[in-house]
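Asks: Shown below is the structure under consideration.
Every number in this text was worked out from the coordinates using simple rules, so none of it is lab data. All figures in this text were calculated on a predicted structure; none of them were measured in a lab. Counting neighbours? That spans all protein chains shown, and the Cβs are built from the backbone with ideal geometry, glycine included.
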Amino acid sequence: MKKSITPLQDIPKRKRGRPRKVKDDAVTDNELLQEDIDNLGDIPLDESEKRMVSDLVRKKVKKENKKKYYVDNTRLTELIVRYHGDDDLGDELALYLYNIAHRISFMPNFINYTWKEEMVGDGIEKEFKALKNKKFDPAKGKAFSYFSMIVYNAFCNRIKKELKEKEVLREYQDHVYDTLMPENNGRVTTQTETEETDE
């Protein structure tokens, strides 16, 4: 007896990975979606319309579960406009500016530097200087982007400054090493020892 060969489209696709474990007492997303679809009433829906409704419900659930950002751009803009009007720096505005500088310091570009605190301090200083001089115009762009770029550039400038100081220190150490180490078979001599041997 010959075996019958099934066409490829009839073979069900194998799901990859382990199946998800669902607790019996927990309500699954599919059940919630089905409840929402059932709550639509007596409106007759075909399969494509049901899929569209379930996609909308899924997007709604994602928006509700979305975490809040550490800086609200519209609120930051309002606080800056208020500051431009009465020059009164509130705690909320100061906290927003600090959060921007602090969180940018955790970017992969800046996280492993030993002078991270100095970078954050420079970023906050530049932010407050721009705020005091009223350089931000709300009509031209977003407040969060503007102050983020100020902090980013302050961090880059601090890195350049620290690397330059490190290079100067290394050159000085090389110079001192060369002067203290004339050809004495690898033995370091001090200035007083060289004076005594000359006499």
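Asks: For segment 65-91, which residues satisfy the criterion of being surrounded by 11 or more Cβ atoms within 10 Å (Cβ to Cβ), outside any loop (DSSP other than H, G, I, E, B) and acidic (Asp, Glu)?
Replies: If the condition is that a residue be surrounded by 11 or more Cβ atoms within 10 Å (Cβ to Cβ), outside any loop (DSSP other than H, G, I, E, B) and acidic (Asp, Glu), then Glu78 is the only one that fits.
Asks: Same structure, new question: Hey, can you tell me all the residues within segment 75-97 that are among the β-branched types (Val, Ile, Thr) and either in contact with a Gly (Cβ under 7 Å, 6 or more places away or on another chain) or closer than 9 Å to Phe144 by Cα (or both)?
Replies: Thr77
Asks: Across segment 110-139, which residue is farthest from the chain's Cα centre (by Cα) among those that are without any contact (Cβ under 8 Å) to a residue 40 or more places away in the chain and farther than 25 Å from Leu79 by Cα?
Replies: Thr114
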